[in-house]
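Note sheet for the following structure.
Read the figures in this text as sums done on the coordinates, not as results from a lab. These figures come from a predicted structure and were not determined experimentally. Reconstructed Cβ throughout: ideal geometry from the backbone, glycine too, with neighbour counts over all protein chains shown.
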Amino acid sequence: MSGALLRTVEHLHGHLAWLSTAALYHPTILLRRPRRRAVGAAFAAAALITTTAALGAAMYPAYRAQLKPAIFASSRLLGLLFERKEHLGVGAVVLAWAGLALHLRARDQDWDRPASRAAFVAFAGAAVFATLAASMGLMVAVHRTFT
């Protein structure tokens, strides 16, 4: 990827990270009530966080070669924060899709209460993980980005 394309993808990834985070809170709020239908919001949130993660994965080889050594050289703490951000981002994706699957199961099983509750918990966890990942990414981006 060229430098300009990397910078564009980086900005898009960062903006989508915050948009995805907000989107994950929507099904979380809706699913507090066990019989609430939120398939559209749940699917949209899962798809948006997955798109965000895919953009991050597309940038990863360039990040590893160009930014990671410089980040760790200047601040080990920021380097470690970025590494944890990746793990939390993957966790957010997994929890969002688990939440969607559980919500669909609860709806198809005449509102299975444990599945409804688990869907709420999964989306809440995904939202928290995404918030932490986006915050950590912002801290690193303020320090160093693709040029």
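Okay, helix-only estimate at 222 nm for the chain: each DSSP H run of n ≥ 4 adds -39500 (n - 2.57), divide by all residues, round to 500 deg cm²/dmol; what do you get? Please list the in-between numbers first.
On the way: 5 runs with 123 residues, N = 147.
Estimated from H runs of four or more residues: -29500 deg cm²/dmol.
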**Item:** Residues in the stretch 118-141 that a label on Arg37 would reach, taking backbone N under 19 Å of a point 7 Å out along Cα→Cβ
**Value:** 119-120
**Item:** Sequence-separation-based contact order of the chain, relative, with Cα cut under 8 Å and 6+ spacing, percent
**Value:** 36 percent
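Which order do the peptides 37-50, 60-73, 88-101 come out in when sorted by mean C-beta neighbours inside 10 angstrom, highest first? Present the calculation step by step, with values, prior to reporting the outcome.
Working: 37-50: 19.8, 60-73: 14.1, 88-101: 21.6.
Result, highest mean first: 88-101, 37-50, 60-73.
Please work out how much length the chain gains when fully extended from Val94 to Thr147, using 0.36 nm per residue of separation minus the C-alpha to C-alpha distance, in nm with one decimal. Walk me through the numbers on the way to the answer.
On the way: separation 53, 0.36 × 53 = 19.08 nm, distance 3.14 nm.
Gain on extension, Val94 to Thr147, equals 15.9 nm.
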**Complete:** At the level of C-alpha centres, the distance separating the stretch 73-107 and the stretch 1-62, in angstrom, is 11 Å
**Request:** For the chain, state what percent of all Cα-Cα pairs lands in each successive 10 Å bin, counting from 0 Å until the bin that includes the largest distance.
**Result:** 13, 39, 26, 15, 7, 0
